[in-house]
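To start, the structure under review is shown below, and the notes come after it.
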Amino acid sequence: MKVEDLEKGLKDEGFSEGVVKASIERLQDEDQVRVEEERILSKGAARAENGVYPDDEVHNFFVEKVRKGAAVVKVDGKWRAVLSPENYEGPRNLIKKGKRFEAVADLYKENGKFRAWIKDVIGK
């Protein structure tokens with residue numbers, strides 16, 4: 001997203017330009033976003049764009065079910081996969097039934113089960 005579009009959108013919602021800039025700076029200090037060429041990118045999106053994961057693919061995920069110790073996710077609208085907590089590098093608030101997100105991930109089979117290893121969430 002362009003920084004200018006973010007500033008305009010938040011200004012329309014009543015936030016001052018100073019508050020928006022301070023918020024972006026804070027997110028940068030906390031290493032949650034990066035600003036590159038007047039665009040604001042999530043940490044995962046910046047990594048994917050810069051080729052940090054050259055051999056990995058980006059997939060769309062839909063959380064179908066959350067149970068103790070794992071979640072069942074639909075990958076690219078085609079396959080169901082088990083997602084274990086140790087194989088998820090992303091915000092916890094996305095692992096709730098009905099949530100959708102895009103992520104850099106490895107897909108693999110282990111003990112007869114299709115599994116996902118999510119390395120970085122790049123979009124919602």
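The values are calculated or read from the model by the stated rules, or taken from the named source; none is laboratory data. Predicted model, so just to flag it, every value in this text is computed and none were measured. Here the Cβ positions follow ideal geometry from the backbone for every residue, glycine too, while neighbour counts run over all protein chains shown. Side chains are part of the model used for accessible areas, which takes the heavy atoms of the whole protein and leaves out ligands, DNA and RNA. Shrake-Rupley method; radii C 1.70, N 1.55, O 1.52, S 1.80 Å.
Overall, the chain carries a charge dipole of about 1140 debye about its Cα centre when +1 sits on the Cβ of Lys and Arg and -1 on the Cβ of Asp and Glu, all other atoms neutral. Taking N as the residue count of the chain, its C-alpha radius of gyration divided by 2.2 N^0.38 Å amounts to 1.21. For the chain, the longest principal axis of the alpha carbon atoms and the long axis of helix 17-29 meet at an angle near 40°. Note: relative contact order over the chain, using C-alpha pairs below 8 Å and six or more positions apart, is 21 percent. Surface composition of the chain: carbon and sulfur make up 46 percent of the accessible area, probe 1.4 Å. Tell me the angle of helix 3-12 to the major Cα principal axis of the chain, expressed in degrees between 0 and 90 and rounded to the nearest ten. Orientation of helix 3-12: about 70 degrees from the principal axis.
Excluding ligands, DNA and RNA, the accessible surface per residue across the chain is 67 Å² with a 1.4 Å probe.
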